[in-house]
Amino acid sequence: MAWLMLSGVLALMLFWAVGAHNRLTRLRTEVLRQWSTVDTVWLKWLMRFQAAVSARQILAWSSEADDLQALQDASEAMVEALADAMQQALEHDSMQRLLQRHEALMQCIDEVVQRVPDTVRPHLLSAQSRILQNIPLALVPYHLAVENYNAALSQAPASWLARRLRMRQALAVRLPSRAGVPG
């Protein structure tokens with residue numbers, strides 16, 4: 001009889017562990033899916049920015065080759081950081097690098113805008129504004145998924161299982177606020 005009760009308790013624990021693992025895996029997958037959406041939106045706006053810089057502005061602004069190169073370098077570094085963040089999803093270091101590259105690109109645009117002709121300035125400011133307005137909107141569902149996943153990781157007794165499986169919390173990507181742009 002004791003053997004039967006012990007088997008029943010072990011079976012319950014096994015079923016709970018499988019269920020908890022499946023829930024954590026499902027929530028983690030949702031975080032990754034939402035990050036994929038953010039990555040797609042970010043990449044779309046970066047590609048549009050790169051196209052605007054290399055197409056229209058190169059004709060009106062060919063004398064400022066250093067500024068053009070700086071913008072291209074900053075946007076390419078951002079694309080690289082996005083690729084790293086996608087391959088190393090949920091890794092703190094890759095997300096931090098992404099935020100640093102994003103801020104470097106925004107600062108580069110701020111600096112270049114001060115030196116470009118009036119015919120080019122509105123295009124750069126418009127591209128920057130669209131990036132700064134669209135990315136935070138794309139981050140909302142990602143942040144919700146991160147919040148749900150992190151909450152599930154911290155709940156007992158699932159936290160015990162998460163530690164054993166080496167599941168780490170996801171990082172909410174918070175863009176620094178910029179003057180004049182809703183964040």
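The values are calculated or read from the model by the stated rules, or taken from the named source; none is laboratory data. Remember, predicted model here, so these are calculated numbers, not experimental data. Reconstructed Cβ throughout: ideal geometry from the backbone, glycine too, with neighbour counts over all protein chains shown. For accessibility, only protein heavy atoms count, side chains too; no ligands or nucleic acids. Shrake-Rupley method; radii C 1.70, N 1.55, O 1.52, S 1.80 Å.
Within the set of pairs 6 or more residues apart or between chains, which connect a residue that is closer than 17 Å to GLU91 by Cβ inside the stretch 17-32 to a residue that is outside any helix (DSSP H, G or I) and open to solvent by 30 Å² or more (accessible area, probe 1.4 Å) with Cβ atoms less than 9 Å apart?
Listed pairs, sorted by first residue: ARG28/MET167.
Quickly run through the stretch 1-60 and pick out the residues that are small (Gly, Ala, Ser) and surrounded by 15 or more Cβ atoms within 10 Å (Cβ to Cβ). If you could, list the steps in order and put the result at the bottom.
Residues of the stretch 1-60 that are small (Gly, Ala, Ser), as a first pass: 2, 7-8, 11, 17, 19-20, 36, 51-52, 54-55, 60.
Those that are small (Gly, Ala, Ser) and surrounded by 15 or more Cβ atoms within 10 Å (Cβ to Cβ): ALA17, ALA20, ALA52.
Where the second residue is open to solvent by 50 Å² or more (accessible area, probe 1.4 Å) and among the charged types (D, E, K, R) and the first is without any contact (Cβ under 8 Å) to a residue 60 or more places away in the chain and lies in the stretch 80-94, which pairs have Cβ atoms under 7 Å and are six or more apart or on separate chains?
ALA81/ARG97; ALA81/ARG101; ASP84/ARG97; SER94/ASP84
Within the stretch 160-172, restricting attention to residues that are assigned to a helix (DSSP H, G or I) and in contact (Cβ under 8 Å) with a residue 40 or more places away in the chain, which residue is surrounded by the most Cβ atoms within 10 Å (Cβ to Cβ)?
Applying the first criterion (assigned to a helix (DSSP H, G or I)) to the stretch 160-172 yields 160-164.
The next check asks that each one be in contact (Cβ under 8 Å) with a residue 40 or more places away in the chain; those that pass are 161-162.
Details: LEU161: 17, ALA162: 21.
Filtering first and then ranking leaves ALA162.
Of all residues in the stretch 139-159 being modelled with pLDDT under 90 and open to solvent by 30 Å² or more (accessible area, probe 1.4 Å), which is nearest to MET106 (Cα to Cα)? Working first, answer last.
Restricting attention to the stretch 139-159, the residues satisfying the condition of being modelled with pLDDT under 90 are 156-159.
Within this subset, residues satisfying the condition of being open to solvent by 30 Å² or more (accessible area, probe 1.4 Å) are 156-157.
Numbers: ALA156: 42, PRO157: 43 Å.
Step by step, filter the stretch 139-159, then rank; the result is ALA156.
Before we move on, is LEU175 open to solvent by 20 Å² or more (accessible area, probe 1.4 Å), touching a residue at least 24 places away in the same chain (Cβ under 8 Å) and either over 19 Å from the mean Cα position of the chain (by Cα) or closer than 25 Å to MET95 by Cα (or both)? Walk me through it before giving the result.
Details: open to solvent by 20 Å² or more (accessible area, probe 1.4 Å): yes; touching a residue at least 24 places away in the same chain (Cβ under 8 Å): yes; either over 19 Å from the mean Cα position of the chain (by Cα) or closer than 25 Å to MET95 by Cα (or both): yes.
Yes.
Could you list, in sequence order, all residues of the stretch 1-51 that are among the acidic types (Asp, Glu) and at pLDDT 95 or above? If you could, list the steps in order and put the result at the bottom.
First pass over the stretch 1-51, keeping only residues among the acidic types (Asp, Glu): 30, 39.
Of everything in the stretch 1-51, just one residue is among the acidic types (Asp, Glu) and at pLDDT 95 or above, namely GLU30.
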